[in-house]
């Protein structure tokens, strides 16, 4: 992955967008490096507004946006670098899957041969080669989602913006799509994804942006975001041979807020306000008591937990 | 750069033709265009079966002039252009598909140009074609006399004039309603206003008369239709505009509207009212 410079970053500087008197996003300042970035937040939190702003479909009421050094006010250059799979499940009428992708590629000014080659490559990526001559209107919801993904990526953009791209996909297609996002991210592209499915967001994201009511609540790598949430004790799962003995010792050191024994009798889920201090103490206990520790891992540095701490609401899906 | 722009306009044109030309959504526009063809076809068949002599070729020529003035110009082409051109942008807004264009590296002005040319192609095919066929059919039952009227009389020149006026009407109304489709959420309201204005034209003062499409088109028609009484007393006469002013004037007006549409499309946001 190339080092982050102004030319390969997406930046929002004090951006606000209002729909009449309704707030879309307010005073957003962000820097998005290459890799997979997830936008997470409840409905109406401003995810789609941010995506529409960075693709130039709407303009900010105030503030400035730059996508790889290009202003969204300059669609002739921006749209060569950006592909956007919007949330709308709508298609121009009467077109087959092939025609849908091919026709919009022609608008880029490419030759017939080039458009044909890219169309077939995009269809192959999403597994729709066999269905290419069927009308898009006759596709299943999952196929329509896939053909939209193919259309958004056929011109091989550097920045991919995907609004709820996993909606409507069956588990297999979902796994394939996620692998594709990871692959694109690993190539140094920007892949910006909004999703309601937090455990999948967790799996694919290099960084997350948490939004609530038009404001950015947190941004960055999920572990560092979790570290910033000081008012919520850190949860740590320790798997060892004598968890109750470990719990007793930790309580005597006055280091825990809460501890729960795992149902299998070989684990201890504990909450502490001082994670670094806890790790040092655990080392000391292991040396002193000969406790056999299988694993030590944070239990709440995932998107789901951070989302609950910062925004609230149900886990799993939002 | 010009080469790229031409290719982009051509790609928009191809896509628009694929999507809209002969689509089921526009059935009523085809009905508007085919209506007079069916009528003149019936007129020919009935005239042939009853035999000539019930009316003259001159009367048929006058009937066609009336059909052209009161049906083609004021109804068929007018509403046909409302249907074709106002939907080029507004239709895509309603179907939530305009963002596909707005996510391509295409100057918005070129998008307007491509869509306009596609719409114009359809309108010309339907209404200029319909005008020509209707004209050729209306006196067909006179047989050789009508052929002679067309080939050796004023027929061919009249046909050319009607086709030119129909084409100019498509150009002018097309530009007006393309702009309405970009600027207004419901283009039927401005279309209704334009329709009232255009139909009030004979009764308007001379200065206001000239701010309309129909005024220039009417003066280009080869056969004039008198306004029947009692409305004729309210008609205000104005000097007819010469051909060399009317045609370039109408084209220039259309170009101005298209440039304004291009600028408006550049500032259009895609939020589909959400």
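The values are calculated or read from the model by the stated rules, or taken from the named source; none is laboratory data. Note that the structure is a prediction, hence the values are computed from the model and not measured. Please note: Cβ atoms are built from the backbone with ideal geometry, for glycine as well, and neighbour counts cover all protein chains shown.
Would it be correct to say that residue B:5 is out of contact with any strand residue (DSSP E or B) (no Cβ under 9 Å at 6 or more places or on another chain) and away from every other protein chain (no Cβ under 14 Å)? Against the criterion (out of contact with any strand residue (DSSP E or B) (no Cβ under 9 Å at 6 or more places or on another chain) and away from every other protein chain (no Cβ under 14 Å)), residue B:5 does not qualify.
Scanning region A:61-73 for any residue that is touching a helix residue (DSSP H, G or I) at 6+ places or on another chain (Cβ under 7 Å) and surrounded by fewer than 18 Cβ atoms within 10 Å (Cβ to Cβ) turns up at least one such residue. Does residue B:11 meet the test of being modelled with pLDDT of 90 or more and closer than 28 Å to residue B:269 by Cα? Criteria met by residue B:11.
Within region B:122-132, the presence of a residue that is buried (at least 17 other Cβ atoms within 10 Å of the Cβ), farther than 29 Å from residue B:59 by Cα and either within 11 Å of chain A (Cβ to nearest Cβ) or more than 22 Å from the chain's Cα centre (by Cα) (or both) is excluded.
Residue count for region A:155-165, restricted to those that are buried (at least 17 other Cβ atoms within 10 Å of the Cβ) and in a loop (DSSP other than H, G, I, E, B): 5. Scoring residue A:147 on the criteria (1) outside any loop (DSSP other than H, G, I, E, B); (2) within 14 Å of chain B (Cβ to nearest Cβ); (3) farther than 30 Å from residue B:24 by Cβ; (4) under 27 Å from the mean Cα position of the chain (by Cα) leaves a single failure, condition (3). Counting only residues that are over 18 Å from residue B:80 (Cα atoms) and loosely packed, with under 12 Cβ neighbours inside 10 Å, region B:8-51 holds 5 of them.
You will find that of A:122, A:152, the residue that is closer than 16 Å to residue A:89 by Cβ, at pLDDT 90 or above, crowded, with 22+ Cβ neighbours inside 10 Å and assigned by TED's automatic domain parsing to the domain that holds residue A:194 is A:152 and no other.
Restricting attention to region A:33-58 and to residues that are in contact (Cβ under 8 Å) with a residue 40 or more places away in the chain and under 30 Å from residue B:110 (Cβ atoms), the residue that is surrounded by the fewest Cβ atoms within 10 Å (Cβ to Cβ) turns out to be A:58. As for region B:141-161, it holds no residue that is surrounded by 24 or more Cβ atoms within 10 Å (Cβ to Cβ), in contact (Cβ under 8 Å) with a residue 40 or more places away in the chain, under 24 Å from the mean Cα position of the chain (by Cα) and part of a helix (DSSP H, G or I).
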